[in-house]
Amino acid sequence: MESGIPTFRGPDGLWKKYRAEDLATMQAFQANPKLVWEWYNSRRENMLQVEPNPGHRAMAAFEQHFQEFMLVTQNIDGLHDRAGSRKILKLHGDIWEVRCVECGVSRIDQTVPMDPLPPHCQCGGLLRVGVVWFGEMLPPGVFENAMEVTRNCDLFFSVGTSAVVYPAAYLPQLAKTHGAYVVEVNLEPSAAADYADEFLPGKSGEILPEIQKMLKLP
Ligand code: ZN
């Protein structure tokens with residue numbers, strides 16, 4: 001990941017012996033909510049040490065300039081929010097959202113570390129992070145909205161994704177079949193390249209600011 005957020009797959013001590021598949025599930029959370037929360041605590045801590053890159057900031061500038069701009073992302077790290085984006089469809093949720101597994105109430109909470117672990121809702125239920133876990137559906141309505149804006153857009157950018165994780169990988173194709181001009185920004189062409197009218201090789205953190213500069217956006 002360009003912004004340098006360490007993943008738990010790296011040399012992260014304790015987490016070396018766990019795989020995401022072992023922790024990012026409702027089963028793991030029900031079996032050991034404290035362990036799962038400790039993991040998310042450390043991930044949230046790592047994420048706060050990373051700043052949005054110029055690519056994140058360029059997207060926030062595009063939103064300011066283009067009234068119908070919409071950002072669809074699989075990122076859960078909150079960096080787009082911190083860069084100033086507000087119109088975001090988060091397909092995989094948000095690690096800064098906490099949601100009660102009993103009553104469903106949710107809020108953004110950037111407390112790091114959470115104390116005590118695991119945190120509880122006022123109703124007594126356990127709070128979980130608002131990311132999509134393995135085996136879970138995407139947040140209700142979010143992908144439908146993403147398809148809607150994709151069908152209706154004139155210009156579609158696929159940025160820095162491998163475009164293999166469905167259903168998000170379906171969007172470039174959907175944009176193309178509905179007449180959008182499709183641009184892929186990536187280090188190497190992905191599956192999205194099949195539907196792209198144009199391929200811009202490079203890092204999103206470099207290419208998008210260039211476009212921002214060409215458009216003379218602040
Ligand atoms: Zn509750």
Every residue from region 164-178 that is in contact (Cβ under 8 Å) with a residue 12 or more places away in the chain and part of a loop (DSSP other than H, G, I, E, B):
Val164, Val165, Pro167, His178
Looking only at residues that are among the small types (Gly, Ala, Ser) and either over 15 Å from Gly160 (Cα atoms) or in contact with an Asp or Glu (Cβ under 6 Å, 6 or more places away or on another chain) (or both) in region 194-218, which one is surrounded by the fewest Cβ atoms within 10 Å (Cβ to Cβ)?
Gly205
Please list, ordered by residue number, the strands (runs of 3 or more DSSP E) wholly in region 56-108 having 2 or more residues that are modelled with pLDDT of 95 or more, among the basic types (Lys, Arg) and within 16 Å of the ligand (Cβ to nearest atom).
none
Among (1) modelled with pLDDT of 95 or more; (2) more than 29 Å from Leu187 (Cβ to Cβ) - the single one Thr150 does not satisfy
(2)
Which numbered condition trips up Val183, out of (1) part of a strand (DSSP E or B); (2) within 16 Å of the ligand (Cβ to nearest atom); (3) touching a Phe, Trp or Tyr at 6+ places or on another chain (Cβ under 7 Å)?
(2)
Identify the residue in region 112-148 that is assigned to a strand (DSSP E or B) and under 21 Å from His92 (Cβ atoms) and, among all such residues, is farthest from the ligand (Cβ to nearest atom).
Val131
Being among the β-branched types (Val, Ile, Thr), more than 20 Å from Ala58 (Cβ to Cβ) and at pLDDT below 95 is the filter; apply it to region 159-193 and report the residue that is surrounded by the most Cβ atoms within 10 Å (Cβ to Cβ).
Val165
Filter result for Ser42 (among the hydroxyl-bearing types (Ser, Thr, Tyr), modelled with pLDDT under 95 and away from the ligand (no atom under 16 Å from the Cβ))
yes
Could you go through region 150-163 and let me know if any residue there is part of a strand (DSSP E or B) and of a type in the set (Lys, Arg).
no
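The values are calculated or read from the model by the stated rules, or taken from the named source; none is laboratory data. Remember, predicted model here, so these are calculated numbers, not experimental data. A quick note on method: Cβ atoms are made from the backbone with ideal geometry, for glycine too, and the neighbour counts reach across all protein chains shown.
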